[in-house]
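Undergrad: Take a look at the following structure, please.
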Amino acid sequence: MRNKLETLIRLHNIDHELLQLEKSKGDLPQRVESLRNEFKALEAELQQQQDKIKELEAKKARQAGEAEVLKEQLKKYRNQLYQVKNNKEYDAITIQIEESETKRDELEYNNLELEEQIQELETGVQSLHEKIHSQTEELEQQQKELEVVLSKSQDREEKLLKQRQDIQKELPRPLYSSYERIRIGRGGAALAFLDRGACSECSSRIPPQRGVEIRQMDKLILCETCGRILVYDPERENSHVELAK
Ligand SMILES: [Zn+2]
């Protein structure tokens, strides 16, 4: 059993370092990812606003065309007024002139409103462009930072994972499964060390008789409080002695 427990300690040390490597990356990957999403959303918004502008421009052109046609018609009607033969004809043309004028005014008023909307949208588009520009710079900056951190840890990570595979082969499958179950359930540490009469992970006291058994390392002993596999590492104890000197 001692051999197996010592192998577990080696595995634990590797997992510990892997965890530290993962932590050293910090939240950079998530930050890059969320920046990317924000960036995509901004681009979609920009596209939408640009489409809207196109749509309004087309409508404006169509209405301006209609207003032109009305203006031409009004000219004709006014000329006709000079050639009327009776009051009835005069009244009929006057009504048509009034209708055309109302329609023309409406179109012109609508186009002024459209123009205002377009200008507002263009201001929005401008600030979106600026936002996207600064976002791109920030994204590139963070990506560079991430790449530096990642390349540093990647080599080490690969080496550790290779070692981990070899160690895993040395362990009986059920023991390795228990180790993994505890490791995943306990935030990355499946082992706890006997540390001056207590569990190094949860600090609960361990009765002296149990302490003796743990030191012997010939049984699988779990911490009654945190459920981790308790082991003994003389080097750890020595380092405390060193510190106390
Ligand atoms: Zn414990």
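The values are calculated or read from the model by the stated rules, or taken from the named source; none is laboratory data. Model, not experiment: these values are computed from the prediction. FYI the Cβ positions are ideal-geometry reconstructions off the backbone, even for glycines, and counts take in every protein chain you see. We work out accessible area using only protein heavy atoms, side chains counted, and drop any ligands, DNA or RNA first. Shrake-Rupley method; radii C 1.70, N 1.55, O 1.52, S 1.80 Å.
Undergrad: Roughly what % antiparallel, to the nearest 5, for the DSSP beta bridges in the chain? Before the final figure, lay out the partial values.
TA: Numbers: 5 of 8 bridges.
DSSP beta bridges in the chain are roughly 60 percent antiparallel.
Undergrad: Another question, if that's okay. Relative to the first principal axis of the alpha-carbon coordinates of the chain, what is the inclination of helix 87-170, with its axis defined by its Cα atoms, in degrees from 0 to 90 and to the nearest 10?
TA: 10
Undergrad: With +1 on each Lys and Arg Cβ and -1 on each Asp and Glu Cβ, and nothing else charged, work out how big the dipole of the stretch 173-227 is about its Cα centre, in Debye to the nearest 20.
TA: Values: 9 positive and 6 negative charges, 11 e Å.
Approximately 60 debye in magnitude.
Undergrad: Let me ask something else about it. What order do Cys202, Cys226 take when sorted by accessible area (1.4 Å probe), most exposed first? Don't jump to the answer; show the numbers that get you there.
TA: Details: Cys202 45, Cys226 5 Å².
From most accessible down to least: Cys202, Cys226.
Undergrad: While we're on this one: Which value, in Å², gives the accessible area per residue of the stretch 25-162 when a 1.4 Å probe is used on the protein heavy atoms? List each step's numbers first, then the result.
TA: Details: 10040 Å² over 138 residues.
Per residue, the stretch 25-162 has 73 Å² of solvent-accessible surface.
Undergrad: Tilt of helix 234-244 relative to the longest C-alpha principal axis of the chain, in degrees (0 to 90, nearest 10)?
TA: 80
Undergrad: Right, something else. Taking a ≥ b ≥ c as the square roots of the Cα gyration tensor eigenvalues, with a/c under 1.5 meaning rounded and otherwise prolate when a/b beats b/c, else oblate, which class fits the stretch 25-162?
TA: On the way: a/c = 7.73, a/b = 6.76, b/c = 1.14.
Prolate is the answer for the stretch 25-162, as a/c is 1.5 or above and a/b outweighs b/c.
Undergrad: Same structure again: Expected output is a single nm value to one decimal: the length gained when fully extending between Glu38 and Tyr90, i.e. 0.36 nm times separation in residues minus the C-alpha distance. What is it?
TA: Working: separation 52, 0.36 × 52 = 18.72 nm, distance 6.53 nm.
Working it through step by step, the gained length comes to 12.2 nm.
Undergrad: Then there is this: So which aspartates and glutamates can Lys40 reach, going by Cα to Cα under 19 Å and dropping same-chain residues fewer than 8 places off?
TA: In chain and number order, the partners are Asp51, Glu130, Glu137, Glu138, Glu140.
Undergrad: If a paramagnetic tag sat 7 Å from the Cα of Lys103 along the Cα-Cβ line, which residues of the stretch 48-84 would have the backbone N under 12 Å from that point?
TA: Once the point is set 7 Å along Cα→Cβ of Lys103, 66-74 turn out to lie under 12 Å by backbone N, inside the stretch 48-84.
Undergrad: State the percentage of accessible surface on the chain attributable to carbon and sulfur atoms; use a 1.4 Å probe and exclude ligands, DNA and RNA.
TA: Numbers: 8150 of 16530 Å².
Result for the chain: 49 percent of the exposed heavy-atom area is carbon or sulfur.
Undergrad: Quote to one decimal, in nm, the extra length available between Asp51 and Gln216 on full extension: 0.36 nm per residue of separation minus the C-alpha distance between them. Walk me through the intermediate numbers first.
TA: Working: separation 165, 0.36 × 165 = 59.40 nm, distance 7.59 nm.
Length difference between fully extended and current span is 51.8 nm.
Undergrad: Under 20 Å Cα-Cα from Lys54, which aspartates and glutamates qualify once same-chain neighbours fewer than 8 residues away are excluded?
TA: Counting by Cα, and skipping residues close in sequence, Lys54 has these aspartates and glutamates nearby: Glu43, Glu45, Glu66, Glu108, Glu113, Glu115, Glu116, Glu120, Glu122.
Undergrad: Under 22 Å from the Cα of Lys75, which lysines turn up, not counting those fewer than eight places away in the same chain?
TA: Lys85, Lys88, Lys103
Undergrad: Working from the pairwise distances between different alpha carbons, so that the mean of 1/r is found and then inverted, what is the chain's Kirkwood radius in Å? Can you show the working numbers first?
TA: Details: mean 1/r = 0.0384 Å⁻¹.
Evaluated on the chain, it is 26.0 Å.
Undergrad: Also, I was wondering about something else. Please calculate how many Å² of accessible area the stretch 172-244 carries per residue, with a 1.4 Å probe and no DNA, RNA or ligand atoms counted.
TA: On the way: 4280 Å² over 73 residues.
Per residue, the stretch 172-244 has 59 Å² of solvent-accessible surface.
Undergrad: Could you list the residues of the stretch 176-194 with an amide nitrogen less than 19 Å from a label point located 7 Å from the Cα of Arg236 in the Cα-to-C-beta direction?
TA: Answer for this model: 176, 178-194.
Undergrad: What is the spin-label model distance, in nm, from His16 to Arg173 if the labels are put 7 Å beyond Cα along the C-beta direction?
TA: 3.0
Undergrad: Assigning unit charges at the beta carbon (Lys, Arg +1; Asp, Glu -1) and nothing else, what dipole magnitude in debye, to the nearest 20, does the stretch 1-125 show about its Cα centre? Spell out each step's value before the answer.
TA: Values: 21 positive and 28 negative charges, 113 e Å.
Taking the Cα centre of the stretch 1-125 as origin, the dipole is about 540 debye.
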